[in-house]
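Derivation of every value follows stated rules applied to the coordinates shown; laboratory data play no part. Note that the structure is predicted; figures quoted are calculated from it, not measured. Heads up, the Cβs are rebuilt from the backbone with ideal geometry, glycines too, and the neighbour counts pull from every protein chain shown.
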Amino acid sequence: MVTLSKSTQKKNSHGLILIGGKNKHFKWCSTAVHSTIIKTLVENQHIDKWTITSSRRTPFEMVEKLAKLTTGSVSFYSIAETPNGWLEDRLKESCEVWVTFDSMSMSYEALSSGCRVHIIEVTEGKFEDKFDKMRYFLLKYAAASPYENFNEGKNIAKKTMEVLLPSPNA
């Protein structure tokens, strides 16, 4: 797991886990992702309230596994249960976010929220192609930006430019 940013002093102890799914760039492994989620829940006792959500691409068997994690301190919401603005509200109330590595948009939304962001690996083994390597580089070296009304397109362009075209004064 890679940590991408430092928290911006949010005073609560809410954790958010964003789960993507299968796509053409990654070999998705539900077992590995589920194991990482369990490990995250167990190892982060400073988080007293957890929210987990799926995406349109989350495999059905993974959604079933996630739903079984619901307890007094862990809530699961499938993407079908989340209205417009739901993710933004959860990001505002969370101090830390874990997001699966397959989703660039969820990664940047989490980074732009000001939360401490952690990446959950979705595959076993090595990168599948050069896209994965570039994505890993961008995520590893991107700095968190403050919350900017979740203007994802602007944030992605800004971070990409900062990484690919560093300041001449750097």
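In order along region 15-22, phi translates into HN-Hα couplings of x, 10, 10, 10, 10, x, x, 5 Hz, rounded to whole numbers, per the Karplus curve 6.51 cos²θ - 1.76 cosθ + 1.60 with θ = phi - 60° and x for Gly and Pro. At 0.36 nm per residue, minus the direct Cα-Cα distance, what do D89 and K24 gain on full extension? Give it in nm, one decimal, please. Extending this stretch completely gives an extra 20.4 nm.
Amide H contacts of V74 (H built 1.01 Å from N, in plane; Pro and chain starts excluded): W50 sit under 5 Å, all sequence-distant by 5 or more or on other chains. Distances between placed amide hydrogens fall under 5 Å for I17 paired with T51, I52, T53, W98, all partners being 5 or more residues away or on another chain. Amide H contacts for V122 (H built 1.01 Å from N in the peptide plane; partners 5 or more residues away or on another chain; cut-off under 5 Å): F101.
Computed from phi, the 3J(HN,Hα) profile of region 53-60 under the Karplus parametrisation 6.51, -1.76, 1.60 (θ = phi - 60°) reads 9, 9, 10, 4, 9, 5, x, 4 Hz, with x in place of Gly and Pro.
Applying 1/(1 + (r/R0)^6) with r as the Cβ-Cβ distance of H46 and T70 and R0 = 35 angstrom yields a FRET efficiency of 0.95.
Compared with the alpha-carbon gap, the fully stretched path from E121 to M104 is longer by 4.8 nm at 0.36 nm per residue.
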